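K.L.:
Dropping the structure in here first, questions after.
The values are calculated or read from the model by the stated rules, or taken from the named source; none is laboratory data. This is a predicted model, so every value here is computed, not measured. A quick note on method: Cβ atoms are made from the backbone with ideal geometry, for glycine too, and the neighbour counts reach across all protein chains shown. Ligands, DNA and RNA are excluded from the accessible area calculation, which covers all protein heavy atoms including side chains. Shrake-Rupley method; radii C 1.70, N 1.55, O 1.52, S 1.80 Å.
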Amino acid sequence: MEHYTPEILISDDEIAARIEALGNQITKDFENQEVVVICVLKGSYVFCADLIRKIQLPLRLEFVACSSYGESMSSSGNVHIDLDVTGSIENQNVIIVEDIVDTGLTIKTLLETFKLRRPKSLKLASLLYKPSRLKYSIDIDYLAFEIEDKFVIGYGLDYAGRYRELPYIGILNAGH
Ligand code: PRP
């Protein structure tokens, strides 16, 4: 199989610099407190792994996995939580870590779900945000990059399960 090298949209150095800044901000915002970081599988696992190593706080890591289904591929349907966190988040400082806020449906559902569990605080960190595609009002507390409506891959993001291993964020062009 041919090895495809996509056009680079955001380099690994640019990603590292933003993650360091976000980690420093989170460290400052939650000074002397513990945080529970919830990694939304699969896409955010690379971002989350790098981000938690830039947060200088006591930290507990949890994972969730979701699938959306319904009317179309544009995420207009429902979101089902396939894998839930294993520990309580009640009275905890919770930070959900996403790779991308696209229509916003996934994160809207997760924020509503976790809010019901009475965390002390509930924040959102996202690597990417596509404002042109947003259908729901979402506040991103810690955002690395706002991008145009291009199909992006790498650094955790996939196309048909592939390209997650790329160290940068690339653009998938037609034909691949
Ligand atoms: C992607 C991404 C977000 C969601 C964003 O997940 O990781 O969770 O879609 O889209 P939305 O804002 O329109 O809801 P995907 O379903 O591709 O799963 P994956 O992370 O396992 O690749």
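K.L.:
Among the residues of region 164-176, which ones are more than 9 Å from the ligand (Cβ to nearest atom) and either of a type in the set (A, V, I, L, M) or open to solvent by 20 Å² or more (accessible area, probe 1.4 Å) (or both)?
P.N.:
Keep residues of region 164-176 that are more than 9 Å from the ligand (Cβ to nearest atom), which gives 165-176.
Passing the criteria: E165, L166, P167, Y168, I169, I171, L172, N173, A174, G175, H176.
K.L.:
Hey, another quick one. Being charged (D, E, K, R) and assigned to a loop (DSSP other than H, G, I, E, B): is that true of E31 here? Give the derivation first.
P.N.:
Numbers: charged (D, E, K, R): yes; assigned to a loop (DSSP other than H, G, I, E, B): yes.
Answer is yes for this residue.
K.L.:
Sticking with this structure for a sec: Every residue in region 90-132 that is basic (K, R) and free of Cβ contacts under 8 Å to residues at least 24 places away in the same chain, please.
P.N.:
Residues of region 90-132 basic (K, R): 108, 115, 117-118, 120, 123, 130.
Hit for region 90-132 is K115, nothing else.
K.L.:
With the structure loaded, tell me whether V64 is touching a Ser or Thr at 6+ places or on another chain (Cβ under 8 Å), within 10 Å of the ligand (Cβ to nearest atom) and at pLDDT 95 or above or whether it fails that test.
P.N.:
On the way: touching a Ser or Thr at 6+ places or on another chain (Cβ under 8 Å): no; within 10 Å of the ligand (Cβ to nearest atom): yes; at pLDDT 95 or above: yes.
The answer is no for V64.
K.L.:
On to the next question. So which residues in region 136-163 are touching a helix residue (DSSP H, G or I) at 6+ places or on another chain (Cβ under 7 Å), open to solvent by 30 Å² or more (accessible area, probe 1.4 Å) and within 11 Å of the ligand (Cβ to nearest atom)?
P.N.:
Y136
K.L.:
Please enumerate the residues belonging to region 88-135 that are more than 9 Å from the ligand (Cβ to nearest atom), within 22 Å of I10 (Cα to Cα) and open to solvent by 60 Å² or more (accessible area, probe 1.4 Å).
P.N.:
S132
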